[in-house]
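Structure provided below as C-alpha cells; questions to follow.
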Amino acid sequence: MAKASTLKQLIQEITKQKAPGPSITYTPFHMFYTLELIAKEPLGRNRLAEKLSVGDGAVRTIINRLKEANLISVSRGGCTLTKRGQEVWRKFEEFFPKRAEIPKNELAVSKFNYAFLVKNCGNKVKSGIDQRDAAIIAGAKRAIVIVSNNGHLCIENVSESIEKDYPKAASQILKQITPQSNDVVIIAGADAPLKAKLGAFAASWSLIEQ
C-alpha cells in the first residue's frame, strides 16, 4: 500500500453504500477517526459511538466494515488494530503526520479550529476553493488552505507570507504544525470540535487523488 490513491480507494470501498439498505450516516472520516482512536487504545462500541458522535446502528456498521476489511479485531477488551490495520494507520500518518487543535487567532477565527498537515501536496492546491468547499460540505463553517512555498506559508489571494502579515497566527500554527516545502496546512473552523476536525479531514482528503 505505497500510494495515497491506494489508501483512498480502500477507505472509499469500505465506506460506500451497500444496496439495499438504509442510507449511510458515516463517511471516510469516521473510518479514519475510528482507526486513529483505536491506534491509541482499545475501545468498545459505546465509547466509539460517543467519540464519533454516531448512533448505535452506525457504529455497529463502522466496526463491521473495518472488521470485514481485516483492519480491526473485536474482543471483550474492545476493538484493536490488526497487523493490516496498523499498516493502514501508518500510511494515514505518512500523509497526515500532524493533526492538532489550533487556538483562535486572526486567521482561525472560529470557536473551534482544527489543523491537518498534508504532506507534499502543495502543487495540487489551485485556489484552495475546492478544499474550502469540501470542509464546508462536511460541516465546518470555514477553512484556510496554507501552502509552504519557498520558505514561506502562503494563502492564495490573501498573503504571500503569513509569518509577516499574521505573525501571531503563524506562531501558533508553527508551534503545532511543522510544514516543509510543498506541504499543505488546512485549518477548518466550526462551532463544535468534531465538526472542525471533520472539515479539516474532508479538505485534506480532497487532495488525495483516487
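What number goes with the only condition from (1) within 21 Å of the chain's Cα centre (by Cα); (2) assigned by TED's automatic domain parsing to the domain that holds residue 28 that residue 125 does not pass?
(2)
For the structure I just gave you, tell me whether residue 145 is touching a helix residue (DSSP H, G or I) at 6+ places or on another chain (Cβ under 8 Å), closer than 13 Å to residue 108 by Cα, buried (at least 22 other Cβ atoms within 10 Å of the Cβ) and free of Cβ contacts under 8 Å to residues at least 60 places away in the same chain. Step through it out loud before you land on a result.
Details: touching a helix residue (DSSP H, G or I) at 6+ places or on another chain (Cβ under 8 Å): yes; closer than 13 Å to residue 108 by Cα: yes; buried (at least 22 other Cβ atoms within 10 Å of the Cβ): yes; free of Cβ contacts under 8 Å to residues at least 60 places away in the same chain: yes.
So residue 145 fits the description; yes.
Scan segment 28-53 residue by residue and report those that are in a loop (DSSP other than H, G, I, E, B), of a type outside the set (Gly, Ala, Ser) and either buried (at least 18 other Cβ atoms within 10 Å of the Cβ) or in contact with a strand residue (DSSP E or B) (Cβ under 6 Å, 6 or more places away or on another chain) (or both). Talk me through it step by step, then tell me what you get.
In the first step, residues of segment 28-53 are kept if they are in a loop (DSSP other than H, G, I, E, B); the result is 41-42, 44, 53.
Those left that are additionally of a type outside the set (Gly, Ala, Ser): 41-42.
The answer is 42, and nothing else.
Right, next: Which of the numbered conditions does residue 81 fail, given that it passes all the others? Conditions: (1) in the same structural domain as residue 176 (by TED's automatic domain parsing); (2) more than 22 Å from residue 166 (Cβ to Cβ).
Condition not satisfied by residue 81: (1).
Based on what the data block shows, is residue 72 surrounded by 20 or more Cβ atoms within 10 Å (Cβ to Cβ) and assigned by TED's automatic domain parsing to the domain that holds residue 14?
Numbers: surrounded by 20 or more Cβ atoms within 10 Å (Cβ to Cβ): yes; assigned by TED's automatic domain parsing to the domain that holds residue 14: yes.
So residue 72 passes the test.
Inspect all residues belonging to segment 158-174 and state whether any of them is surrounded by 14 or more Cβ atoms within 10 Å (Cβ to Cβ), touching a Gly at 6+ places or on another chain (Cβ under 8 Å) and within 16 Å of residue 122 (Cβ to Cβ).
No; the residues of segment 158-174 include none that is surrounded by 14 or more Cβ atoms within 10 Å (Cβ to Cβ), touching a Gly at 6+ places or on another chain (Cβ under 8 Å) and within 16 Å of residue 122 (Cβ to Cβ).
Here is a follow-up. Quick test for you: out of 144, 187, pick the one residue that is more than 14 Å from residue 98 (Cα to Cα), at pLDDT 95 or above and either assigned to a strand (DSSP E or B) or not assigned by TED's automatic domain parsing to the domain that holds residue 27 (or both). Please lay out each step first, then the result.
Working: 187 fails: more than 14 Å from residue 98 (Cα to Cα).
Exactly one residue qualifies, and that residue is 144.
Is one or more of the residues making up segment 114-136 at pLDDT 95 or above, more than 22 Å from residue 8 (Cα to Cα), in contact with an Asp or Glu (Cβ under 8 Å, 6 or more places away or on another chain) and surrounded by fewer than 20 Cβ atoms within 10 Å (Cβ to Cβ)?
Within segment 114-136, none of the residues are at pLDDT 95 or above, more than 22 Å from residue 8 (Cα to Cα), in contact with an Asp or Glu (Cβ under 8 Å, 6 or more places away or on another chain) and surrounded by fewer than 20 Cβ atoms within 10 Å (Cβ to Cβ).
The values are calculated or read from the model by the stated rules, or taken from the named source; none is laboratory data. Note that the coordinates shown come from a computational prediction; the quantities given were computed from them, not determined experimentally. Cβ coordinates were reconstructed from backbone atoms using ideal geometry, including for glycine residues, and neighbour counts include every protein chain displayed.
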